Amino acid sequence: MAAGRSGRVVVVGGSMAGLLTARELADHAESVVVLERDRLPAEVAPRGRVPQGRHLHVLLSAGLERLREWFPGIEDELVSLGAVPVEGRDAWVHQGGGYRARGHWGHPGLGMTRPLLEHVVRGRVADLPGVTIEEGTTVAAVTLRLGRVTGVVVDGEPRPADLVVDCSGRSSRIAHDLAAAHVLDPPVTTVGIDIGYSSFFLRRSPGDFEGKLLVSIENPGSFRGGAVVPVEGDRWQVTLSGVHGDLPPATDDGLVDFAASLSTPAVAQLIRHCERVSEIETYRFPSSRRRHYQKVRALPRGLVTVGDASSSFDPIYGQGMTSSALQASALGAVVARTGVVSDDLPKRFHRKAARIIEAPWRIAVGGDFGHPQTVGDRPLGTAQLNGYMVRVIHAAHASLPVTRSFNRVLQLEDPPAALLGPTTVARVLRASRRSPAVTGAPVRHPQVGPPRAP
């Protein structure tokens, strides 16, 4: 057990993965410096080098629970700034021919934009003793000596550290350079999904919609998707998505036509009903990618990787920020046992992180292989699991307990194996026969307010 706080940590990247890593390591290290290449906005606003920040983001229940532990009172603070609590009773989630049973799904989630969440978390982290956030700072490389990373290079000058944490994202320069130099070249798994988004904000008013959350998931099916979430500023944030070239357009008429193709009419109705109050932003994500650091026999000492630099998933599942939070928490647990400077730290951490990453990876990649054009390494048993998941989706239409169990897995609170327990399997087999997709019973869609006058 490490005694007290000791060691110098440099965290490369000040996005959510970097901020949460800094928060966790602040309890164990003498100093933590976060180096962020962007100039950080003083107000709530998307960052220039984070184009996906303009699109819908979700902090899953497992991630929100970590934030409550790290930052007491943060949930109330976010709500005071306009974040909207959303419960299962408020949620209309359509998939596979019906809506999931509405009711108590667990602790309410929060509807908010990523810039709001990042702004509040950044402020909390910046106030921590021993933590410094440096903006507009580009890390050119790491420094190495006898197989150990000893720091980073910034503006041509070395910055020493006992531990460097790479949180610089999917396009990590550190990961690329170390692989090119054959210093750290892990096996990489890539699964091509080629998902594209169009996102925008609508003005939100009382009576717009019978609920607070509206989602249409066309998987199985066309893989088109639509989500409407309440966020701060009395707005709805809307994201439409498609895969493998079937991309949502960026025009008003095109968006309505695309939304009208979804199985629930409510998304298109809500777009017609509410005033658009932002530009239409687009984004494209080519593939999920995972670097298997746990399979490297000789990891460089003094370096670990957290977040998208290690694994980036199809973002439609909303797992990225929560996976990063769970990895940061795991890193803190390992450091508490070994200390910051331990030679065993990288191997211990990446083995632990691999187990954390496996659940969201199987959910995202397994789901993506439901589309015939998805390419890449298919996890063992994907076809069988996807067949069972169709039964789970149907059962969730008719059974609130199945919906709760399904939701806990999707929220990364339980592993996918939780859906294979005897009690849950029995419920799934019974309830799936009562789905409107099986019985042909009519589906009631949520009420949306009347269209605006032209």
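Residues Met389, Met112, ranked from the fewest to the most other C-beta atoms within 10 Å, line up as Met389, Met112.
For the pair Glu134 and Val50, label points projected 7 Å from Cα toward Cβ lie 2.0 nm apart.
List the aspartates and glutamates whose Cα sits under 19 Å from the Cα of Lys347, skipping any in the same chain fewer than 8 residues away. The reachable aspartates and glutamates, counting only those whose Cα sits under 19 Å from Lys347, are Glu24, Asp162, Asp166, Asp185, Asp308, Glu358. Computed over the stretch 191-286, the P(r) curve from all C-alpha pair distances, binned at 10 Å from the origin, holds 17, 52, 26, 4, 0 percent per bin. Of the peptides 236-242, 395-401, the ranking by mean beta-carbon count within 10 Å, highest at the top, reads 236-242, 395-401. At each listed q (0.12, 0.16, 0.21, 0.28 Å⁻¹), what is the log10 of I(q)/I(0) that the Debye formula gives for the stretch 377-439 modelled as equal alpha-carbon point scatterers? Values, matching the q order: -0.28, -0.48, -0.80, -1.22. In percent, rounded to a whole number, the relative contact order of the stretch 193-352 is 24, using alpha-carbon pairs under 8 Å and six or more apart.
Please find the FRET efficiency linking His182 to His445, where r is the Cβ-Cβ separation and R0 is fixed at 35 Å, and quote it to the nearest 0.05. My answer for the efficiency is 0.05. Once the mean of 1/r is taken over each pair of separate Cα atoms and inverted, the stretch 62-187 shows a Kirkwood hydrodynamic radius of 18.6 Å. Each of Asp343 and Lys295 was given a label point 7 Å from its Cα along the Cα-to-Cβ line. The distance between the two points is 2.6 nm. Comparing Cα centroids, the stretch 89-155 and the stretch 350-365 end up 17 angstrom apart. A Förster radius of 35 Å combined with the Cβ-Cβ distance from Asp76 to His104 puts the calculated FRET efficiency at roughly 0.95. The alpha carbon convex hull volume per residue for the stretch 134-251 rounds to 205 Å³. For Val131, what is the net charge nearby, where nearby means another residue's Cβ is under 15 Å from its Cβ and Lys, Arg count +1, Asp, Glu -1? So the surrounding residues net to -2.
The slack between Thr190 and Ala426, meaning 0.36 nm per residue of separation minus the straight C-alpha distance, is 81.5 nm. For the chain, the residue among Pro446, Gly106, Phe200 whose Cα projects farthest onto the positive side of the dipole built from Cβ charges is Gly106. Our compactness index for the chain, the C-alpha radius of gyration over the empirical 2.2 N^0.38 Å, is 0.99. Around the Cα centre of the chain, unit charges on the Cβ atoms of Lys, Arg, Asp and Glu (plus for the first two, minus for the last two) sum to a dipole of about 1400 debye. Entry note, the stretch 356-454: relative contact order of 26 percent, from Cα contacts under 8 Å with a spacing of 6+ residues.
Bear in mind these aren't lab numbers, they're just calculated from the coordinates by the rules spelled out. Quick caveat: nothing in here was measured; it's all calculated off a predicted structure. Every residue, glycine among them, receives a Cβ derived from its backbone with ideal geometry; neighbour counts consider all protein chains shown.
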